[in-house]
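Here's the structure, in structure tokens; my notes come after.
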């Protein structure tokens, strides 16, 4: 049984395991299988892996390591295949989309930024509600401008009393962006870098 | 340089984000079956085990 972490560039197929040893679930070494023009990062499993915290961290760490090795389109936890043929067929069926995603995401990570919103009073009218929404959207725009040209892509949502923004940035620029955000008011919470799984 | 482990692992927020990123996002290639009823494709994602396990993961000490 093969557990897949994501797709990488096919030309790295032979060199990746030697240059960058990547550990996967249960300490298994991640290998790269050629699938058409792409490579698939995988490790062998004896059974379907129950998603324990350790395995979830291992999946995340493997994808981060693959970013260092040149980029990855991360898979969701639980992509398990019976054999190489089944895995290659699944990748090749979506090869065009995966290649485009890899081109866009290579060398990128994402950061999750949370900005608390002022809960204020319950809106007393429709106009009041719309004014609040306007303020929230203006805050999001201010944050996006603050992040500047380092931002390659952006997703935002407002829920549970906070603005949650997911920022796609070059892996090398994540630390600088995190430092920049410390000056933003209201001060945001920030996690990452993560593999760019929100942008696939 | 990227960290070897998930960032800020001691923070609950990071664990929630970690679970969200790994179980709720990313490409799904496996475990997909399509059942057609009256020419309408119903797509079933065979990830019920993962989704059912999220609560357990968040409760389990890291």
query = When only residues in region A:47-62 that are more than 7 Å from chain B (Cβ to nearest Cβ), touching a helix residue (DSSP H, G or I) at 6+ places or on another chain (Cβ under 9 Å) and touching a residue at least 40 places away in the same chain (Cβ under 8 Å) count, which is nearest to residue A:103 (Cα to Cα)?
reply = A:62
inquiry  = For the list (1) touching a strand residue (DSSP E or B) at 6+ places or on another chain (Cβ under 8 Å); (2) surrounded by 16 or more Cβ atoms within 10 Å (Cβ to Cβ); (3) facing another protein chain (nearest Cβ under 8 Å); (4) not in a helix (DSSP H, G or I), I need the number of the one condition that residue A:77 fails.
reply    = (1)
message = Looking at A:128, A:97, A:118, can you tell me which residue is outside any strand (DSSP E or B), free of Cβ contacts under 8 Å to residues at least 24 places away in the same chain and closer than 29 Å to residue A:68 by Cβ?
response = A:97
task = For region A:38-70, name all the residues that are at pLDDT 90 or above and not in a helix (DSSP H, G or I).
result = A:38, A:39, A:40, A:41, A:42, A:43, A:44, A:45, A:46
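The values are calculated or read from the model by the stated rules, or taken from the named source; none is laboratory data. Everything quoted here is computed from the prediction, not taken from an experiment. Cβ atoms come from the backbone with ideal geometry, glycine included; neighbour counts cover every protein chain shown.
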